[in-house]
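To start, the structure under review is shown below, and the notes come after it.
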Amino acid sequence: MLAIRQTPSDNFYDGLGNLKGVDLTAASLGFKIVNTRGFNSTSPVRSLQLIDGVDNQAPGLNFSLGNFLGSSELDVMKVDLIVGASSAFYGPNAFNGVISMGTKNPFTFTGLSVQLKGGERNLLETAIRYADVVRNKEKYPVLGYKFNFSYLRANDWVADNYDPVYNTRTGVENPGRFDAVNIYGDEYSRYFDLSGEKRAPGNLSD
């Protein structure tokens, strides 16, 4: 688990992609999909993800949203990845494998933990975990509680390439702007420009 946490990425979840037999698909910066057993998809409908034994499946979508709704990195104790035939023990939803995450027990891991990450694309991730126990008159712990807060901000996709598309047939003087890589809605060609044509008699269409 320590090696996964030390992965140079915005989230420990990315470290699972370095494990043998695991294929990690990035649908977006906050939505990473783990695929195993030779299957690859952007919607892991056959991958079961558990957090402390509870299914992390998103209601209405019928699949887990990676770690988008998962556990905070400060609160993760261990991650078990089951990709072989043993995954059948968890039922038909685990056909692609099982990702079982266990969080820290507030009775064992108490105190305040703070994490701050920064990176490219204006990435900023902060996380705070606080855990404590309530003791009775005999000083025995009777109730444990914990709070987890996390915040992630980044530019997921930057489309600022205004160079013309390779082998483009229109130039910069194009009235609809030239055919740039990241300018959309400018599909214009002078060969199909009928704006200067005279209308045929009886044609009332605009």
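The values are calculated or read from the model by the stated rules, or taken from the named source; none is laboratory data. Note that the structure is a prediction, hence the values are computed from the model and not measured. Backbone-built Cβ (ideal geometry, glycine too); neighbour counts: all protein chains shown.
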Taking segment 145-169 as the search range and keeping residues that are among the charged types (D, E, K, R) and exposed (fewer than 13 other Cβ atoms within 10 Å of the Cβ), which one is modelled with the highest pLDDT? 153
Looking at segment 136-170 only, could you name the residues that are touching a strand residue (DSSP E or B) at 6+ places or on another chain (Cβ under 6 Å) and of a type in the set (D, E, K, R)? 146, 153
Qualifying positions in segment 88-102 - surrounded by 18 or more Cβ atoms within 10 Å (Cβ to Cβ) and in a helix (DSSP H, G or I): 93, 94
Test for residue 54: is it at pLDDT 70 or above, out of contact with any strand residue (DSSP E or B) (no Cβ under 7 Å at 6 or more places or on another chain) and not hydroxyl-bearing (Ser, Thr, Tyr): yes
Here is a list: 142, 172. Which entry is at pLDDT 90 or above, over 27 Å from the mean Cα position of the chain (by Cα) and loosely packed, with under 13 Cβ neighbours inside 10 Å? 142
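Each row is one residue, and each column tells you yes or no for (1) at pLDDT below 80; (2) among the hydrophobic types (A, V, I, L, M, F, W, C); (3) assigned to a loop (DSSP other than H, G, I, E, B); (4) in contact with a Ser or Thr (Cβ under 8 Å, 6 or more places away or on another chain).
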residue: 50; (1), (2), (3), (4): no, yes, no, yes
residue: 59; (1), (2), (3), (4): yes, no, yes, no
residue: 67; (1), (2), (3), (4): yes, no, yes, no
residue: 81; (1), (2), (3), (4): no, yes, no, yes
residue: 86; (1), (2), (3), (4): yes, no, no, no
Name every residue in segment 133-162 that is more than 22 Å from residue 114 (Cα to Cα), touching a residue at least 24 places away in the same chain (Cβ under 8 Å) and not in a loop (DSSP other than H, G, I, E, B), in order of residue number. 141
Look at segment 72-113 and say how many of its residues are without any contact (Cβ under 8 Å) to a residue 40 or more places away in the chain and among the hydrophobic types (A, V, I, L, M, F, W, C). 7
Do we have residue 105 as in a loop (DSSP other than H, G, I, E, B) and over 30 Å from residue 18 (Cα atoms) here? no
For residue 168, work out the one condition from (1) free of Cβ contacts under 8 Å to residues at least 40 places away in the same chain; (2) among the polar types (S, T, N, Q); (3) assigned by TED's automatic domain parsing to the domain that holds residue 27 it doesn't fulfil. (3)
